[in-house]
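Student: Quick one: the structure is below, questions incoming.
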Amino acid sequence: MSGTPPTVCIVTFGCQMNKLDSQLLRGELARSGFALTDDAARADVVLYNTCSVRRHAEDRVLSHLGSYRRRALREGRFVLGVIGCMAQRLGPKLIERFGFLDLVCGTHAFLRVPEYLRHVMAGQGPIVDVEGDGEVSFARAPGMRVGPHRAYVSVMRGCDNFCSYCIVPYVRGREVSRPPQEVVEEVEALSADGVREVILLGQNVNSYGRGLDGEDAGLAGLLALVNEVEGLRRIRFVTSHPRDMSDAVLGAVAGLVRVCEYLHVPAQSGSDAVLRRMNRGYTAADYRHMVRRARERIPAVELAGDFMVGFPGETDAEFDDTLRLLRDVRFQQSFIFKYSPRPQTRAANWPDDVPDEVKRERNQRLLAAQEEIDAERRAAMVGRRVEVLVDGPSKSDPAKLSGRTRQNDIVVFTGDRSLAGTLGTVRLTDSTVLTLFGELRQATVQHGGTELARLRRGHGGRS
Ligand code: SF4
């Protein structure tokens, strides 16, 4: 491209997978000669990377798109596009509804966006590409990450589980794992570029490796390989399915020094009848058993869970089972969602019969129960020393530093900005519902396993 490069703004909705796709696309666009901006009002191109998992997310994108009508009609050079799950689901219908849209590009084709933008900008008309041709790209985007020292790494795409409410298998396709060597090479490149924590991402990450040959196949094998990458301090993986939480994966979390003691394992419901209707493949007792196994094997482990309220037919008694599960497990964090029917899914054929106000009330009750747990759990941590990976200045108080514990708790403490990206030991002095506060006791810059092991032995001890 010659002259001033066109500027592109990507607006991202939805999950970490979408955030990662946006990062990958930014890398592709930069390599293709586009300039990137966060200022949608001044960008030559605005792309919406969309989510179909909840109706609310789709409604928000539709309303955003509508707001561009005047600009799109007034500025001939302006390009507006929709990519991701909603583009995959609605395809040409989006152009029918918004005649000023220039690009609709589904989940299998998003890395072709630079090529499509050139086509559109050359005045060759709008493009719709939602063919699910099975092509899966794990293209990397060096230097593109969540923060200076933290990066997502895609290890698999798609999902084969077909939970009855979930649109993911329809818009992202079937499960495909990325070869372990490719993952390791990407982590090595990120580590060499200053990344200290990687989050291995997959819709159903603990089934990683199905369909791959070789003795390293399987998430436990992959974790062992990534654990060897020089310079890396921490490894996390999300999102796990309770049914696939194998002893091998728990053993890897227990035994590998860089793998954090944090498991994100959506429960969705505490009622066996609801879980059956959801096609989740486990009972509440199975879930509780998985939690017991994890805690026996990894004493420092914390669990995060997802819950859905108002699933078709959910009775008061079934909801009470969910509330009981949340209280009994005492999650470190819970993500709570209200059910909304998604086209193509099995549950969309059933009456959405839990009234909105009941969904709202159940949502509030779960949130309140989780808040109570959050406050108690964090208050009980005051006085302990924890290992923290320093992120940088705190967003709420830039004079202080912010970091995360191995269990993904946010800690705010005093210290020098130059410590960003290093591990330290913080003595916890205070807490709120969401945040821990403390004093830095020891900054540690060594990268070696011995140092990490020493810090890990110190984890959770009282000063
Ligand atoms: S496991 Fe179920 S909820 Fe998760 S992505 Fe797959 S189908 Fe959707």
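Student: Of the conditions (1) in contact with a Phe, Trp or Tyr (Cβ under 6 Å, 6 or more places away or on another chain); (2) within 24 Å of ASP247 (Cα to Cα), TYR339 satisfies every one except a single condition; which number is it?
Tutor: Against the list (1) in contact with a Phe, Trp or Tyr (Cβ under 6 Å, 6 or more places away or on another chain); (2) within 24 Å of ASP247 (Cα to Cα), TYR339 comes up short only on (2).
Student: Considering every residue within the stretch 213-233, establish whether at least one is in a helix (DSSP H, G or I), within 16 Å of the ligand (Cβ to nearest atom), modelled with pLDDT of 90 or more and closer than 30 Å to PRO312 by Cβ. Write out each step before concluding.
Tutor: Just the residues of the stretch 213-233 that are in a helix (DSSP H, G or I), to begin with: 219-227.
Cutting the leftovers down to within 16 Å of the ligand (Cβ to nearest atom) gives us 219.
Those left that are additionally modelled with pLDDT of 90 or more: 219.
Retained after the next criterion (residues that are closer than 30 Å to PRO312 by Cβ): none.
Scanning the stretch 213-233 turns up no residue that is in a helix (DSSP H, G or I), within 16 Å of the ligand (Cβ to nearest atom), modelled with pLDDT of 90 or more and closer than 30 Å to PRO312 by Cβ.
Student: Taking the residues in the stretch 387-401 that are crowded, with 21+ Cβ neighbours inside 10 Å and out of contact with any helix residue (DSSP H, G or I) (no Cβ under 6 Å at 6 or more places or on another chain) as candidates, determine which candidate is farthest from LEU428 (Cα to Cα). Step through it out loud before you land on a result.
Tutor: Here is the first cut: in the stretch 387-401, the residues crowded, with 21+ Cβ neighbours inside 10 Å are 387-391, 401.
This time we only want the ones that are out of contact with any helix residue (DSSP H, G or I) (no Cβ under 6 Å at 6 or more places or on another chain), so: 388-389, 391, 401.
Details: VAL388: 11, LEU389: 14, ASP391: 17, LEU401: 14 Å.
Looking at the filtered set, the residue picked out is ASP391.
Student: Taking the condition of being part of a helix (DSSP H, G or I) and in contact with a helix residue (DSSP H, G or I) (Cβ under 9 Å, 6 or more places away or on another chain), how many residues in the stretch 309-323 meet it? Spell out the reasoning first.
Tutor: Going residue by residue through the stretch 309-323, those that are part of a helix (DSSP H, G or I) are 316-323.
Now restrict to residues that are in contact with a helix residue (DSSP H, G or I) (Cβ under 9 Å, 6 or more places away or on another chain): 316, 318-319, 321-323.
Total satisfying the criteria: 6.
Student: Does TYR170 satisfy the criteria of being over 22 Å from SER32 (Cα atoms) and either modelled with pLDDT of 90 or more or under 20 Å from the mean Cα position of the chain (by Cα) (or both)? Walk me through how you get there before you give the answer.
Tutor: Details: over 22 Å from SER32 (Cα atoms): yes; either modelled with pLDDT of 90 or more or under 20 Å from the mean Cα position of the chain (by Cα) (or both): yes.
Against the criterion (over 22 Å from SER32 (Cα atoms) and either modelled with pLDDT of 90 or more or under 20 Å from the mean Cα position of the chain (by Cα) (or both)), TYR170 qualifies.
Student: Would you please list the contacts, defined by Cβ atoms under 9 Å and residues six or more apart or on different chains, that run from a residue in the stretch 156-174 that is over 18 Å from LEU20 (Cα atoms) to a residue that is in a strand (DSSP E or B) and within 8 Å of the ligand (Cβ to nearest atom)?
Tutor: What qualifies is CYS163/GLN268; TYR165/GLN268.
Student: From the set of residues in the stretch 173-185 that are within 18 Å of the chain's Cα centre (by Cα) and under 19 Å from GLY27 (Cβ atoms), which is farthest from the ligand (Cβ to nearest atom)?
Tutor: VAL183
Student: Looking at the stretch 146-172 only, could you name the residues that are closer than 18 Å to ARG210 by Cα, of a type in the set (Gly, Ala, Ser) and within 11 Å of the ligand (Cβ to nearest atom)?
Tutor: Once the filter is applied, which keeps residues that are closer than 18 Å to ARG210 by Cα, of a type in the set (Gly, Ala, Ser) and within 11 Å of the ligand (Cβ to nearest atom), the stretch 146-172 yields only GLY158.
Student: Kindly indicate which of ARG236, ARG243 is within 16 Å of the ligand (Cβ to nearest atom) and outside any loop (DSSP other than H, G, I, E, B). Spell out how you get there, then give the answer.
Tutor: Values: ARG236 fails: within 16 Å of the ligand (Cβ to nearest atom).
Of ARG236, ARG243, the one residue that is within 16 Å of the ligand (Cβ to nearest atom) and outside any loop (DSSP other than H, G, I, E, B) is ARG243.
Student: Considering (1) over 23 Å from the mean Cα position of the chain (by Cα); (2) assigned to a helix (DSSP H, G or I), say which one LEU326 fails and leave the rest.
Tutor: (1)
Student: Got a sec? Which strands (runs of 3 or more DSSP E) wholly within the stretch 30-128 have at least 3 residues that are at negative phi and of a type in the set (Phe, Trp, Tyr)?
Tutor: Details: elements: 45-50, 79-84, 103-105.
No strands (runs of 3 or more DSSP E) qualify here.
Student: Kindly indicate whether ASP306 is outside any loop (DSSP other than H, G, I, E, B) and either farther than 19 Å from ARG280 by Cα or in the same structural domain as ALA369 (by TED's automatic domain parsing) (or both).
Tutor: Values: outside any loop (DSSP other than H, G, I, E, B): yes; either farther than 19 Å from ARG280 by Cα or in the same structural domain as ALA369 (by TED's automatic domain parsing) (or both): yes.
So ASP306 passes the test.
Student: Determine whether the stretch 342-362 contains at least one residue that is basic (Lys, Arg), assigned by TED's automatic domain parsing to the domain that holds GLY255 and not in a helix (DSSP H, G or I).
Tutor: Filtering the stretch 342-362 for residues basic (Lys, Arg) gives 342, 346, 359-360, 362.
Then keep just the ones that are assigned by TED's automatic domain parsing to the domain that holds GLY255; that gives 342, 346, 359-360, 362.
Those left that are additionally not in a helix (DSSP H, G or I): 342.
There is at least one residue in the stretch 342-362 that is basic (Lys, Arg), assigned by TED's automatic domain parsing to the domain that holds GLY255 and not in a helix (DSSP H, G or I).
Student: Output the qualifying pairs, or none if there are none: Cβ atoms under 7 angstrom, residues six or more apart or on different chains, first residue in the stretch 105-133 and closer than 19 Å to LEU20 by Cβ, second residue of a type in the set (Ser, Thr, Tyr) and at pLDDT 90 or above.
Tutor: Pairs found: CYS105/TYR116; PRO114/SER32.
The values are calculated or read from the model by the stated rules, or taken from the named source; none is laboratory data. This is a predicted model, so every value here is computed, not measured. We place every Cβ from the backbone using ideal geometry, glycine too, and count neighbours over all the protein chains shown.
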